[in-house]
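All remarks here apply to the structure that follows.
The values are calculated or read from the model by the stated rules, or taken from the named source; none is laboratory data. Only a predicted model underlies this, so the values are computations on that prediction, with no experimental measurement involved. Note that we place each Cβ from the backbone using ideal geometry, even for glycine, and neighbour counts take in every protein chain shown. Note: accessible area is taken over every heavy atom of the protein model, side chains too, but ligands, DNA and RNA are not part of it. Shrake-Rupley method; radii C 1.70, N 1.55, O 1.52, S 1.80 Å.
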Amino acid sequence: MFRTLSILIRKEFLQIFRNKAILAIIFVMPVVQLIVLPLAASYEIKDVKIAVVDHDKSTYSRELLRKVTASGYFKINYYGENYPSAYSEIEREKADLILEIPNNFEKNLVREKNEKILLAINAINGTKAGLSGSYLAQILQDFNQQIQVMNKPEMEFAKKNSGLEIIPIFWFNEHYNYRLSLVPGILAFLVTLIGGYLAALNIVQEKEIGTIEQINVSPIKKRDFILGKLIPFWILAMVAFTIGLLVTIFVYGIEMQGSLILLYLFVSIYLITLLGLGLLVSVYSETQQQAMFVVFFFMMIFILMSGLFTPIESMTNWAKYIAHVNPVTYGADAIRLIILKNSGFSDLYRHFLVIILMGVVAIIWAVLRYRKTT
């Protein structure tokens, strides 16, 4: 058995290293994507274009605009007194929101102690609209408190010495750096792509070039054939994961909080599951194009419903059910927990059990489904 298996593994490595494109996918793609994606996928909204309609043009209105622009989130693209002109800026996508300051803005704040302003937000991009509206609402609240203190200086002392003081503490991410959670998640995403795609294309490639017929009539057992296909890509995927982990540590400066041994143990099992799923797709597919479309279909579902970009808790009930049978959900979560939170095996035993169960089912299914003539 071991001699046959070693020959099959050697044959797979020779075949892989003849294909320069596969080597680029395995070794170059993880590094490039891990460097580019976290820099491009920012959770911060900056340079929000704002159209200002200032009917008052007073000291207070200028101070308000100064606070808005000083925040670093907003950039004034239009300033005037004509609301229709500001609205046309929205229609031409040269502005994201309109801030309209009414007449007698300063007078009403001083005399009546209150005033209303109009905030109209372009909500085509819901995420950007919600965040920019929240940013501006916070700025307006700070400006309101500043005006109250100016009118009644004694409020400054009362504000400091009364009420509740809230000091948030961000556990495991002290400075609330979104890359700390994004980079390990993308690392899991890249490992998923490599394991799934390469295994799915493997047996199909044998079918297309005709060598599968020679293997079918040879005295090779199905078990040895499947293992000979799985082990080389498992080794290469582990090497690709190591490269990605080095990029995570040395490029982004993310410190490894948990056990490196536990991390590699989980990733090794996780990759076996992914390779098993890829081999299962490969067994059912007749062409590489067909295998790629099937893997792409499932990968999109796995990645979008894994909690990598959207928290699972915020999903609808039916989507949560899909997330709970999604291997990427457990893969991305476990990698994050080990790297960032120093979680141990007792915290991740459920992740291990689910991934092992999925891997056993996928590999047994692939072995039974593969038809061999001998």
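Taking the range 79-102 as the range and being open to solvent by less than 40 Å² (accessible area, probe 1.4 Å) and more than 13 Å from Val52 (Cβ to Cβ) as the test, only Ser88 passes.
Of all residue pairs spaced 6 or more apart or on separate chains, those with beta-carbon atoms under 9 Å, a first member in the range 302-331 that is on the phi > 0 side of the Ramachandran plot and a second member that is not in a loop (DSSP other than H, G, I, E, B) are Gly307/Gly185; Gly307/Glu313; Gly307/Ala323; Gly307/Val328; Gly307/Thr329; Gly307/Ala332; Gly307/Asp333. In the range 14-26, how many residues are surrounded by 15 or more Cβ atoms within 10 Å (Cβ to Cβ) and farther than 18 Å from Thr192 by Cα? Final tally of qualifying residues: 2. Counting only helices (runs of 4 or more DSSP H) wholly contained in the range 1-119, the ones carrying 3 or more residues that are free of Cβ contacts under 8 Å to residues at least 12 places away in the same chain and under 30 Å from Val251 (Cα atoms) occupy 20-23, 29-40. Taking the range 348-371 as the range and being open to solvent by 90 Å² or more (accessible area, probe 1.4 Å) and under 23 Å from the mean Cα position of the chain (by Cα) as the test, only Arg350 passes. Scanning the range 129-147 for residues that are open to solvent by 60 Å² or more (accessible area, probe 1.4 Å) and within 16 Å of Val110 (Cα to Cα) returns Asn144, Gln145.
In the set Ser314, Ser346, Ser306, only one residue is in contact with a helix residue (DSSP H, G or I) (Cβ under 7 Å, 6 or more places away or on another chain) and either modelled with pLDDT under 85 or not basic (Lys, Arg) (or both); that residue is Ser306. Among the numbered conditions (1) open to solvent by less than 50 Å² (accessible area, probe 1.4 Å); (2) at pLDDT 85 or above, the only one that Phe105 does not meet is (2). Across the range 319-347, the number of residues qualifying as over 26 Å from Asn173 (Cβ atoms) and under 16 Å from the mean Cα position of the chain (by Cα) comes to 0. On the stretch given as the range 51-80, residues that are on the phi > 0 side of the Ramachandran plot and touching an Asp or Glu at 6+ places or on another chain (Cβ under 7 Å) total 0.
Within the range 27-49, identify whether any single residue is out of contact with any Gly (no Cβ under 9 Å at 6 or more places or on another chain), of a type in the set (Ser, Thr, Tyr) and buried (at least 16 other Cβ atoms within 10 Å of the Cβ), and answer yes or no. So far as the range 27-49 goes, no, none of its residues is out of contact with any Gly (no Cβ under 9 Å at 6 or more places or on another chain), of a type in the set (Ser, Thr, Tyr) and buried (at least 16 other Cβ atoms within 10 Å of the Cβ).
Of the residues making up the range 247-276, those that are of a type in the set (Val, Ile, Thr), at pLDDT 90 or above and surrounded by fewer than 19 Cβ atoms within 10 Å (Cβ to Cβ) number 2.
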